[in-house]
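The values are calculated or read from the model by the stated rules, or taken from the named source; none is laboratory data. None of these values were measured; they are calculated from a predicted model. All Cβ positions, even for glycine, are placed from backbone atoms using ideal geometry, and neighbour counts span all protein chains on display. Just the protein is used for accessible areas: all its heavy atoms, side chains included, with ligands, DNA and RNA removed. Shrake-Rupley method; radii C 1.70, N 1.55, O 1.52, S 1.80 Å.
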Number of protein chains: 2
Amino acid sequence: MFPLYGRRAGSWSRLLVVSSVLLTSSLCAEEPNLDFLTRLRQEGLRHSKVMETFGELTDRIGPRLTGSPAMRQANEWTRDQFAAWGLANARLEPWGPFGDGWTVESAAVRMTVPDVAQLYAIPRPWTPGTGGPVRGPVAWAVIKTKEDIEKFRGKLTGKIVLFGDLPENRAGPKNAQLTDQDLDDLFHYQIPSDRDDARGEARKRLELAAALREFWVQEKPLAVILPSRGTDGTIFVQASGQAYLADKHDPVTTLSMSVEHYSRLKRLVDRKQAVELELTVATTFHPDGLTQHNTLAEIPGTDPELKDEVVMLGAHLDSWVGATGATDNAAGSAVVLEAMRILKAAGIQPRRTIRAALWSGEEQGLLGSRAYVEQHFATRADPSDTEELKLPKFLWRDEHRAVTLKPEQAKISAYYNLDNGAGKVRGIYAQENLAAAAIFENWIVPLKDLGVTTVTRRNTGSTDHIPFDSAGIPGFQFIQDDLDYMTRTHHSNMDTPEHVKREDLMQASVVMAWFVYNSAMRDDLLPRKPLVQPAPAGTK
Amino acid sequence: MFPLYGRRAGSWSRLLVVSSVLLTSSLCAEEPNLDFLTRLRQEGLRHSKVMETFGELTDRIGPRLTGSPAMRQANEWTRDQFAAWGLANARLEPWGPFGDGWTVESAAVRMTVPDVAQLYAIPRPWTPGTGGPVRGPVAWAVIKTKEDIEKFRGKLTGKIVLFGDLPENRAGPKNAQLTDQDLDDLFHYQIPSDRDDARGEARKRLELAAALREFWVQEKPLAVILPSRGTDGTIFVQASGQAYLADKHDPVTTLSMSVEHYSRLKRLVDRKQAVELELTVATTFHPDGLTQHNTLAEIPGTDPELKDEVVMLGAHLDSWVGATGATDNAAGSAVVLEAMRILKAAGIQPRRTIRAALWSGEEQGLLGSRAYVEQHFATRADPSDTEELKLPKFLWRDEHRAVTLKPEQAKISAYYNLDNGAGKVRGIYAQENLAAAAIFENWIVPLKDLGVTTVTRRNTGSTDHIPFDSAGIPGFQFIQDDLDYMTRTHHSNMDTPEHVKREDLMQASVVMAWFVYNSAMRDDLLPRKPLVQPAPAGTK
């Protein structure tokens, strides 16, 4: 019906690619299969099911905190949905150990003095409840260093602590598509900054967090209230560090409060006005969270020579709990599900196996995708430096960690990720892989009328393509329109379907499917960057 | 120290003005007293207390629903503050009968099926509580006409009713100052539309509301939830009609819910998903609300010939309950207080008496200012048409209502009101009074560097200058920058101090004081429009 098998270079060319970034296998550009793209567009833009999928994840299942019953429900529902669409090997793959599950049963905060008012505050994940209503006076404390703790010792017992200064007043929400100028800026390569500063800062933060935990245990305030950044009642709320571990849960009830209500309390305190609050927070810890799961499903390869090779696409299924995780990342998950559906519906017979993954544990540090990569592709030793060992894993440097590749690592072509909000796809980050970028330039030509125009050679971080990249596997994240992701929805109580456009999810599904299709059909694996490894002993 | 007494025309000229709009007393423009304006600016822009005043009203006293204890507290605090600044005759003037006071003690709404989620909803004023937690399934109903009621009879008992379609998706918030173009548009006169349509619509709404009340009494749903307009969790909430009257309180617990949460419920219902909510709403009715008060205070006139005449300024002190009534209208109230303070501090010896008024009952239909005008200046008979009698008072036409003037009506020069949000003053509505407009044009010349540039001859309505206008008294409202008044704060849970700029309140205080000063010092009363009266019998 349409050309399934094109010219195929020998496997020697792939070996060459793996061993060198100076050669690429795409010296001759392959012609895009526009017949198949037409099919994808028909299915994805005219018979879309992406909003139904998205609605199940957000409206029905709700927030999907890793470890929670809703996370399990989302894993199972997506597995069953993949299977219902006729995809192969729909399954849950376990990983762990994670920690406790956690859910909010109810949360209400009232001012009782000097005025009665309902206040907007959301419990921070893995915070304990109050065990019924508790009432107490508020006290303000700002603790920025370990030394600051002593200033407040003995003064906060039995109080409800307003913790810290209001966050810097950031610019308000813009709800914006990327302009040509934005995309041009993004195209131009920016030499990355050194990460040593970030590592130093992170270490200080970790030390302060540990000291604070100890302080709260001793000081016994009734609760701690953090001021959220944001405007218009928006509350950003996420856990700190590894709060999912039983020994790192918040020691006292901790909530994030909207800037409007926090400011009111703070202004009253500044005016020496007595202020009292009543908190009623009920949360549940679920001890069955140690084993978590990623959802996977496949369209098996059909080329006898290539069917053992895979192309992967994915997004994280888990979310924080302020709202229903609509833009972070039910949107990306729904697009991955839809991309698989339309590839199947368009009648693909892929040469390589196509495998979709919906990760859990992303919000706690890419835990699900890291575990998957370790299980299948590569492991890295811990760094030998004891100071580095104290840092969170994501700050360990690959150049300090010996790598052990597994056989599957040689069989995966690429991993495509979607997790920058719900905006339309405008291009892709080539993650400094120039040979892959050249190939992508060719693939996006017929996507111009869908708004896809930019292949930037820049890196982007902080989501599930990173573990693949670290394992020497081409891993990519798409460029998406910002909309109001960073100003309004990201980890907030406003991460709701109102901020997601049907048209954008439909477009993204087609674009993601097209990248996957081309990766599955081309003669060769995607070209690779050199694997980052520790220098051999004796060199530096 | 500065010229207190200027040229004074005989009282005959004022009589002429009253009897005819064709003559004005300001054929020769009087020189503005720039020395005094400098004093006002020094006091108002460099030694302002407006934000302290504003903070007391909003942060400490909180929302000021007419009839509530906080309303009384605001009346008393403002009276005492006027007195503390040395103003004369600081007092509360009673009016009534009003109705019941009402406060919210607590309000929590949770989804319990299919997901556990805290939802944002605010009880509508004068709604009863739930008497502890109530749980039930939701059902959706849309009732736009009396006939629609029958479709739902018997189907909503014991349910939590999602009432109606989502409101039309309005454009999102702009946070905007008026541009030169906006002001130019506003300057150009627009012939008012006929109000008959509005009267017809209002009558239908009243009939539907009455029928619905009866329906809810018979049908006994657990609660009724209304979808708010707005974005980003903003909830607009106000009472319907005369809900403050004992026989017109909401018959069942009624709440307004954010569009995000209402939409989630509605989408689930549309997908035939069972949805259950738990509501815990506690409200209190205060039976001591029949007598309400306006706060008044004065700077006595010093000219033996003119001290019995008054110039008034005012704003309403009451608010709705979604937030602390910051822009509607603690801002205007704080400006009125501050205008009086800086007039006094600047050492004014006014020829006429200056009287500030802080109204209650504005949000229920200008009740406080209407009562004041009736007590002091003019009464109007009810219309004879029985159909018109059924309409709310604000839709009765002055030309159908015989007027009886009181002696004080001849002794008041003007009333200046501030109630269009918290934005900077950009000019004034001359309310179709061309002679007054010509005078104002002269007064605003030295305010240009404060951004005051526009005297529009247009009418504006819906606030406390209207009862004065109806009594034949020059009553004016200032033009203010929109900011995000109509899109975000007006009657919403986001009517908080974050939407009020210190600089704008300071500017407005100086501008308002300047208009009052000039009115108090000029030789003549402000020119008047012809009094609107029923045509003499036999004419039409």
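Rundown of residues vs (1) crowded, with 23+ Cβ neighbours inside 10 Å; (2) part of a strand (DSSP E or B); (3) out of contact with any strand residue (DSSP E or B) (no Cβ under 9 Å at 6 or more places or on another chain), yes/no style:
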{"site": "A:Y415", "(1), (2), (3)": "yes, yes, no"}
{"site": "A:Q431", "(1), (2), (3)": "no, no, no"}
{"site": "A:T460", "(1), (2), (3)": "no, no, no"}
{"site": "A:P467", "(1), (2), (3)": "yes, no, no"}
{"site": "A:D495", "(1), (2), (3)": "yes, no, yes"}
So, of the residues in segment A:312-334 that are within 12 Å of chain B (Cβ to nearest Cβ) and β-branched (V, I, T), which turns out to be most open to solvent (accessible area, probe 1.4 Å)? A:V321
Do we have any residue at all in segment B:271-279 that's facing chain A (nearest Cβ under 10 Å), in contact with a strand residue (DSSP E or B) (Cβ under 7 Å, 6 or more places away or on another chain), modelled with pLDDT of 95 or more and farther than 25 Å from B:K393 by Cβ? yes
Could you tell me whether segment B:120-129 includes any residue that is surrounded by fewer than 22 Cβ atoms within 10 Å (Cβ to Cβ), aliphatic (A, V, I, L, M) and in contact (Cβ under 8 Å) with a residue 60 or more places away in the chain? no
Name the one entry in A:L162, A:L212, A:L166 that is closer than 23 Å to A:T231 by Cβ and either β-branched (V, I, T) or not in a loop (DSSP other than H, G, I, E, B) (or both). A:L162
If you go through segment A:33-68 one residue at a time, how many are assigned to a helix (DSSP H, G or I) and open to solvent by 30 Å² or more (accessible area, probe 1.4 Å)? 13
Please work out which residue is nearest to the other protein chains (Cβ to nearest Cβ), limiting yourself to segment A:220-231 and to residues that are open to solvent by 20 Å² or more (accessible area, probe 1.4 Å), within 25 Å of the chain's Cα centre (by Cα) and of a type outside the set (A, V, I, L, M). A:T231
Strands (runs of 3 or more DSSP E) lying entirely in segment B:264-316 (those with 3 or more residues that are under 30 Å from B:L343 (Cβ atoms)): B:292-299, B:310-316
Output the number of the condition that B:E408 fails; it satisfies all remaining conditions of (1) within 21 Å of B:V511 (Cβ to Cβ); (2) in a helix (DSSP H, G or I); (3) open to solvent by 10 Å² or more (accessible area, probe 1.4 Å). (1)
When restricted to A:S240, A:S258, the only residue over 24 Å from A:L206 (Cβ atoms) and not hydrophobic (A, V, I, L, M, F, W, C) is A:S258
Being of a type outside the set (D, E, K, R) and either open to solvent by 10 Å² or more (accessible area, probe 1.4 Å) or without any contact (Cβ under 8 Å) to a residue 40 or more places away in the chain (or both) is the filter; apply it to segment B:337-347 and report the residue that is farthest from B:W77 (Cα to Cα). B:G347
I'm checking my understanding of the structure. Among residues of segment A:376-405 that are open to solvent by 30 Å² or more (accessible area, probe 1.4 Å) and of a type in the set (A, V, I, L, M, F, W, C), which one is modelled with the lowest pLDDT? A:F394
Of the residues in segment B:145-159, how many are out of contact with any helix residue (DSSP H, G or I) (no Cβ under 8 Å at 6 or more places or on another chain) and closer than 20 Å to B:S256 by Cα? 2
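Are any residues in segment B:475-486 part of a loop (DSSP other than H, G, I, E, B) and either open to solvent by 10 Å² or more (accessible area, probe 1.4 Å) or aromatic (F, W, Y) (or both), and if so, which ones? Steps first, please.
First pass over segment B:475-486, keeping only residues part of a loop (DSSP other than H, G, I, E, B): B:481-482, B:484.
Matches in segment B:475-486: B:D482, B:D484.
Each row is one residue, and each column tells you yes or no for (1) touching a strand residue (DSSP E or B) at 6+ places or on another chain (Cβ under 8 Å); (2) more than 13 Å from chain A (Cβ to nearest Cβ).
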| position | (1), (2) |
| --- | --- |
| B:L178 | yes, yes |
| B:Y189 | yes, yes |
| B:A198 | no, yes |
| B:A202 | no, yes |
| B:Q242 | no, yes |
| B:L255 | yes, no |
| B:V259 | yes, no |
| B:S263 | yes, no |
| B:T284 | yes, no |
Within segment A:253-283, the residues that are open to solvent by 50 Å² or more (accessible area, probe 1.4 Å) and either at negative phi or in contact with a Ser or Thr (Cβ under 9 Å, 6 or more places away or on another chain) (or both) are A:R267, A:D270, A:R271, A:Q273, A:A274, A:E276
Against the condition assigned by TED's automatic domain parsing to the domain that holds A:W77, among the polar types (S, T, N, Q) and either surrounded by fewer than 23 Cβ atoms within 10 Å (Cβ to Cβ) or closer than 30 Å to A:L317 by Cα (or both), how does A:T234 come out, does it pass? no
Residue that is over 21 Å from the mean Cα position of the chain (by Cα), within 23 Å of A:V50 (Cβ to Cβ) and among the charged types (D, E, K, R), where the choices are A:K411, A:K424, A:K390, A:K448: A:K448
Yes or no: segment A:362-375 includes at least one residue that is part of a helix (DSSP H, G or I), out of contact with any helix residue (DSSP H, G or I) (no Cβ under 7 Å at 6 or more places or on another chain), open to solvent by less than 10 Å² (accessible area, probe 1.4 Å) and farther than 30 Å from A:L37 by Cα. yes
Can you tell which of A:K266, A:K307 is out of contact with any Phe, Trp or Tyr (no Cβ under 6 Å at 6 or more places or on another chain) and under 30 Å from A:G475 (Cβ atoms)? A:K307
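When you go through A:A74, A:A90, A:A83, A:A107 one by one, which is the residue that is within 25 Å of B:N493 (Cβ to Cβ) and in contact (Cβ under 8 Å) with a residue 60 or more places away in the chain? It would help to see each step written out before you state the result.
Working: A:A74 fails: within 25 Å of B:N493 (Cβ to Cβ); A:A90 fails: within 25 Å of B:N493 (Cβ to Cβ); A:A83 fails: within 25 Å of B:N493 (Cβ to Cβ).
Going through A:A74, A:A90, A:A83, A:A107 in turn, the sole match is A:A107.
Here is a yes/no grid of residues against (1) among the polar types (S, T, N, Q); (2) without any contact (Cβ under 8 Å) to a residue 40 or more places away in the chain; (3) under 18 Å from A:T454 (Cβ atoms); (4) assigned by TED's automatic domain parsing to the domain that holds A:V310:
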site: A:K393; (1), (2), (3), (4): no, yes, no, yes
site: A:D398; (1), (2), (3), (4): no, no, no, yes
site: A:V403; (1), (2), (3), (4): no, no, no, yes
site: A:K406; (1), (2), (3), (4): no, yes, no, yes
site: A:K411; (1), (2), (3), (4): no, no, no, yes
site: A:L418; (1), (2), (3), (4): no, no, yes, yes
site: A:G423; (1), (2), (3), (4): no, no, yes, yes
site: A:R426; (1), (2), (3), (4): no, no, yes, yes
site: A:Q431; (1), (2), (3), (4): yes, no, yes, yes
Show the residue pairs meeting these rules: Cβ distance below 8 Å; 6+ apart or different chains; first residue within segment B:485-506 and more than 14 Å from chain A (Cβ to nearest Cβ) and over 20 Å from B:E362 (Cα atoms); second residue polar (S, T, N, Q) and open to solvent by 10 Å² or more (accessible area, probe 1.4 Å). B:L505/B:S48; B:M506/B:S48
